[in-house]
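Take a look at the structure below.
The values are calculated or read from the model by the stated rules, or taken from the named source; none is laboratory data. In this text the structure is predicted, and so the values were computed from the model without any measurement. Positions of Cβ are generated from backbone atoms using ideal geometry, with glycine treated the same way; all protein chains shown enter the neighbour counts.
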Amino acid sequence: MAEEQEERPGAWKALRRRWSGKNGAKKGEEATAPSKLRRQRLSRPERTRVFTTSNQKGGVGKTTTTVNLAAALARAGMRVLVIDIDPQGNASTALNVPHTSDVASVYDVLLDETEIHEAVQDAPDIDGLQVLPATIDLAGAEIELVSLVAREARLQKALDRYMTWREENGQERLDYVFIDCPPSLGLLTVNAFVAAEEVLIPIQAEYYALEGLSQLLKNVQMIQKHLNPRLRLSTILLTMFDSRTNLAVQVAEEVREHFPDQLLETAIPRNVRISEAPSYQQTVLTYDPTSAGAVAYREAAAEIALQGVPAAQ
């Protein structure tokens, strides 16, 4: 019975009702917004959008968000690449691609100058989705990168070369790239920030999440100032949201107050199917496409697509 309550897709609707006055929605619009998003045919972005999914706080659904948004967009007809730059390799596991130590991986791209097209794999369960996996070798990469020339920009340069390679070999350009970061600000995360133009932050609706967000924004500003002036915070997504708790709703309202343009209307509810899917090496969209979690991630992906490429600052 508890699971049934958990899966009811009312969390984001309740949240949207609380926000409707601030967002200028007409009465009744908030309840129908998800179905409007689903009916909207998604168009390809005018150029490749590169996101880094980051949060220094662990356990907020960072990898889960990366793989499920990527899967949702790929299933909507987009060409998507997931770069797993977390030594744990959880994104690679969830997308069911081999990532043992003998497999070419992001480690080889960063340290041995292997080209991405030599290491990238097609996700077996989702057409249009490619994965650059992470292996256990990546655990020592932070130390090995220290002595290298242009150590902060190695992923960016490799990604640029891959885009050129696709064009020269008659492959269509990528629509979205998602880089899944470790929960720390080391050289791996810095490489992700330098390679990306947009930061996607999943936030669990709890008090400590706000403290982590503040510190993360300082890091983004530091990267903007010294390494990548194109980088901007474009998207915040609430995860593990439970509208039955006052704290969750209060945190959501506070985030909305400070980041009205970045916070998505869709929130990802607590949902057991989301937690179960990785143990079957699947995303929730392939594991249980009708679950509340799968529906929410499809809606969040549609919102991101409909936002379009952010304007230059």
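Contact annotation: residue pairs with Cβ atoms under 8 Å, 6 or more positions apart or on different chains, pairing a residue in the range 230-243 that is over 23 Å from E197 (Cβ atoms) and touching a residue at least 24 places away in the same chain (Cβ under 8 Å) with a partner that is of a type in the set (A, V, I, L, M) and part of a loop (DSSP other than H, G, I, E, B), are M240/V60; M240/A205; M240/I268; F241/A205; F241/A267; F241/I268; D242/A205.
For every residue, the table says whether it meets (1) closer than 22 Å to E253 by Cβ; (2) at pLDDT below 75; (3) crowded, with 18+ Cβ neighbours inside 10 Å.
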position	(1), (2), (3)
E4	no, yes, no
G21	yes, yes, no
E29	yes, yes, no
R38	no, yes, no
S43	no, no, no
N68	no, no, yes
A71	no, no, yes
A74	no, no, yes
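Whether a residue is surrounded by 18 or more Cβ atoms within 10 Å (Cβ to Cβ), of a type outside the set (S, T, Y), touching an Asp or Glu at 6+ places or on another chain (Cβ under 9 Å) and not in a helix (DSSP H, G or I) was assessed, and V131 passes this test.
Considering every residue within the range 247-256, establish whether at least one is in contact with a Lys or Arg (Cβ under 8 Å, 6 or more places away or on another chain), free of Cβ contacts under 8 Å to residues at least 60 places away in the same chain and under 28 Å from V190 (Cβ atoms). The answer is no; no qualifying residue exists.
Taken as a whole, the condition of being in a helix (DSSP H, G or I), farther than 30 Å from R151 by Cβ and in contact with a Ser or Thr (Cβ under 8 Å, 6 or more places away or on another chain) applies to A277. Of all residues in the range 97-131, those satisfying the criterion of being small (G, A, S) and more than 19 Å from the chain's Cα centre (by Cα) are S101, A104, S105, A119.
Can you report the number of residues in the range 258-273 which are closer than 23 Å to S234 by Cβ and at pLDDT 90 or above?
11
Each residue in the range 134-176 was checked for being more than 14 Å from T114 (Cβ to Cβ), surrounded by 21 or more Cβ atoms within 10 Å (Cβ to Cβ) and not charged (D, E, K, R), and 2 of them qualify. Considered as a group, the residues in the range 237-282 that are among the β-branched types (V, I, T) and buried (at least 23 other Cβ atoms within 10 Å of the Cβ) include one that is nearest to L200 (Cα to Cα), and that residue is T239.
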